[in-house]
Structure formats: structure tokens, C-alpha cells
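To keep things clear, I will list the structure first and then write my remarks on it.
Derivation of every value follows stated rules applied to the coordinates shown; laboratory data play no part. Model, not experiment: these values are computed from the prediction.
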Amino acid sequence: MADVERQLAVEGAQRLRVAALSVLAGLFFFGGQLAVTAVGAKEQTIGVLQGLAPALHGLSAAAIDPRTVHEQFLVHHQVALIAAFLISNLGALAMIAPLRYLAAAERARSPAPSALIGHLALYGPILLAVFLPAFEISLIIGAHNYLSHSARDAAAITAATGGGLRVAFQLILTLGTLGVAGAFIMISLRAMRVGLLTRMMGIVGVIGGVLFLIPLTPLPVVQALWLVFVGAMLLGFGGRPLPEAWIAGEARPWPPRQSTRPARPARQPPRGMRRGAVNPPVPAPAAPRGPSPSASKKRKRRR
């Protein structure tokens, strides 16, 4: 009992700070990605027909090289891109607080606690926040080197965008993305099972984790909304009380959903088989009748 009271006291002391960081994480993560998308929309695009036009006219090279256009775009918008990624990564660092808070609360109430989700909630966002701007800065440095040399062939663009260092950055970023996605999915599921999150919050968190792996939209709308909703839940926004598991200090699973379909009436037995009804007596089969004596006398007279 003392352990439960100590756990509730720790959660109560951290709740306001975690709620504020959760809301900020959602706003910063979404705002940074929105800024990256807005800056990227300014880049000049060269379509397939524009790329094939020089060859159709017998020219060996295009007047505007699309690779050079992209590298020039990175150099001209380097400050805005780095600032946007830093804002997004501040949101990634801030999401550590709500993820670890939920993981610790779930671990204290789960009959089968797991320390893995706490590590995912810590190291996944850190890898994402550190190596995403590092990868972008390495691309900007490569663009400077590409534009500063006169030779702008395939080897030069490979040196500007490739290399062992950038490959390592991409691998670490992939691990960080997998860690964040795993943290969202596992924490949402496990917290929902012990009653710390409502079913809707749990489902939205799982969808947000899947969208880290399969980004169907260019902006992290679902992930940001989930972080904001978690902060609003912890703050008791709208006068809604916390789920009962937060107050009890133990798992309080949600009851199974009851079907809203009206129950089918039971099949009634046939009329003769209904309960309480008396079956009518079955008449006995009639005995076969023999030939009557009057009929035999008539036959003899005719003869």
C-alpha cells in the first residue's frame, strides 16, 4: 500500500510539468514539420518532359541542371531549413516526458511490466532529434562543395549527397524512427489495457506510431494531436476526470463493449410444443371394416 501511495504522489507531482511538455511537444513537432514543408514547396521542380526536352532537341545537356537547382535551393534556404528542423526536434525531445511518464505509470500497474518501452521512449526521440538536423546540415555542406567546383558531373553530385557519413546518419535516423514508432504503439496499447488511456486515445496513439513507419501524409497531424490530447487529459481539460486507473494506482481495465444491436427474440417452438399447452389427443386409427351382411345377401339374390 505504501508503494502505491508513493507512486501516486510521484505521478501527481510530475503531472502538470508532463502535461505542459506534452502539449508543447505536439505543437513544436507539428510546427517544425509544417515549416519544413512550406520551405520545400518553394523549390523549383523540373518534370519528366522538361528533363527529356534537351534530348528531343539533340542537345547533350539541359540549360538548367535539376541537380544544380536542388543544391542551389539548399544553399539559399539553409537557415530556414535548419531552423525548421531544430523546432521539430525540440518537439521530439519534449515528447520524451509524456512517453516515459505513461510508460512508468503503466509499468507500476501492469501484471507483466516491460522495461523495453521506457528505453524506446527515451532513446528513439533522442536519435531522431540529434541526427535529423545533423543529416540536413551534412547535405547543405555537400551542396556548398558541389557549387564551389566547376565540375558538376555525376561523381560530384554523388560526393555531395552520398558518402559513408551520410549513410551512417540515415541508418541511425531509421533506428530512431523505429524506436519512436515502437514507443507510440506499445505505450498506447499497454496503457489502454490497464485503463490509463481511453480506447479512443489508445487507438489514435497506435495509428500515430504506424504513421511514423508509413507516412501517408507529409505532416505528423495524428502524432501531434495525440500528444496534445494526452496533455489535455492530464490537465483535466474540460472538467473531465482522469481515468480511474490514475486514481486507484492499479490496473482498471475497461469493460468489454456491449453490442448495440437488439437481441433477437428466441425462436418459439411450434404451437403444439409450447410450454404449458396441452396437446390434443391423437385419434386411434379406425379398424378396417369387413363386408356388411346386407351386402352379401344382395349379392346372393342377384345370382
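The table that follows gives values for the structure above.
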quantity: Karplus 3J(HN,Hα) series, Hz, for region 95-112 with 6.51 cos²θ - 1.76 cosθ + 1.60 (x for Gly, Pro); calculated: 6, 4, 4, x, 5, 6, 5, 5, 5, 5, 5, 5, 5, 6, 10, 7, x, 10
quantity: Kirkwood-Stokes translational diffusion coefficient of region 143-217, alpha-carbon pairs, 25 °C, 0.890 mPa s, µm²/s; calculated: 162 µm²/s
quantity: Convex hull volume per residue for region 133-264, taking Cα atoms only, in Å³; calculated: 182 Å³
